[in-house]
Amino acid sequence: MAKKTVLIIKHGFSEVCDQGLSTVVSYGDVFRCTCLLEEFRDCRVTWISAPAARDLLEQNHLIDQLILADRTDQIRPNDLLDRYDIVINLEKQPDWCRFAARLAAGRRYGFSDEIIEGEAGFYPDSARALSLALQRDGYRTLQETLFQTVGRQWRGQRYVLGYRPKVAEIYDIGLNHHVGPKWPTKRWPKAYWQQLHDRLSRDRYALSWQQSLHSIRHYIDWLASCRLIVTCDSLGLHLGLALRKQVVALFGPTAPEQIHMYGLGIKLTPACQRDCLPCFGSHCLGVDSCMEHLTVDMVHEAVGMLLDRQPGQKPVAAPPIETPLTAAAF
């Protein structure tokens, strides 16, 4: 019997649970959607994504064909099948919605080419899951939202990473301090990172600042070299979980309820009461950032809870915290 054919459109210029569109690829949102692959492991899966996300999806044993395109006109007709059993469109841009709607398909899920009050519409089987997520009517993990979007039940399926790093763990703790240009409000203050580094150094842990900002594969290698990752809500959080690392995750403007930790870490939220949280904003309108209310004490204690207190090896030289963040970083 021939395998069912599935086409997934997810290149990261929009996020599943956010109405906004961007010219910057959201690497984390692309990678998080790989949890769907386990559901379709017995199918022939084609995935359309942005060239910038290549290294997140290439070599994935559950993707039979990876098509890389920023625009619909970059896809050649012979790249596609005449018909798919299932088309899943997880992008909101009108041109990609129209592209997905033109494909011959048995069933369609995700965002449709219908425009409702100026915003993306949904295919009927996906309407409830996606409308609740975008209206933020209660918070569910993205995995739950994705599986409900395609009419399935999430049973704990994990992220699927194709690239397999071959490096040893040489650091106790990796300080994943950068955030992408799309969500600068997720950034924990530099002074806090330095204070945390100094305290953990006194605890004799082997530390490393985030490395390889412009190579996803080298970045994955760096994450693999750490026993534990301290990170804001970013790609490093999700890659760390995929690599089965212990993770201390720092949340402020985004909802921690949307992140499932797979039993591998601790989620921390600001020690303040604000009606605006979570705001999901790219700019803070407050007098001070909510991330300033995530104290060094809170993070230091969480690290101690996850790691044993045995001394680590001496830290090696790593990029200073002042390394500039550019649009190409993630």
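Taking MET261 and the conditions (1) at pLDDT 95 or above; (2) touching a Pro at 6+ places or on another chain (Cβ under 9 Å), which numbered condition does it fall short on, given that it satisfies the others? The single condition MET261 does not satisfy is (2). Among residues of the stretch 67-97 being charged (D, E, K, R) and more than 19 Å from VAL16 (Cβ to Cβ), the one that is nearest to the chain's Cα centre (by Cα) is ARG71.
From the list LEU200, LEU196, LEU175, the lone residue that is part of a strand (DSSP E or B) and under 19 Å from LEU268 (Cβ atoms) is LEU175.
Of the residues ALA206, ALA191, ALA168, the single one that is more than 23 Å from ASN89 (Cβ to Cβ), free of Cβ contacts under 8 Å to residues at least 24 places away in the same chain and either of a type outside the set (Val, Ile, Thr) or in contact with a Leu (Cβ under 6 Å, 6 or more places away or on another chain) (or both) is ALA191.
Taking the stretch 222-237 as the range and being in a strand (DSSP E or B), within 21 Å of SER26 (Cα to Cα) and not aliphatic (A, V, I, L, M) as the test, the residues that pass are THR231, CYS232. Kindly establish whether TRP209 is modelled with pLDDT of 95 or more, among the hydrophobic types (A, V, I, L, M, F, W, C) and farther than 18 Å from HIS293 by Cβ. When the stated conditions are applied, TRP209 passes them. Condition first: in contact with a Pro (Cβ under 8 Å, 6 or more places away or on another chain) and in contact (Cβ under 8 Å) with a residue 40 or more places away in the chain. Can you find one or more residues in the stretch 13-22 that meet it? There is no residue in the stretch 13-22 that is in contact with a Pro (Cβ under 8 Å, 6 or more places away or on another chain) and in contact (Cβ under 8 Å) with a residue 40 or more places away in the chain. Applying the criterion of being charged (D, E, K, R) and without any contact (Cβ under 8 Å) to a residue 12 or more places away in the chain to the residues of the stretch 235-293, the residue that is farthest from LEU213 (Cα to Cα) is ASP275.
The values are calculated or read from the model by the stated rules, or taken from the named source; none is laboratory data. No experiment lies behind these values; they were computed from the predicted model shown. Don't worry about glycine lacking a Cβ; one is built from the backbone with ideal geometry, like all the others, and counts go over all protein chains shown.
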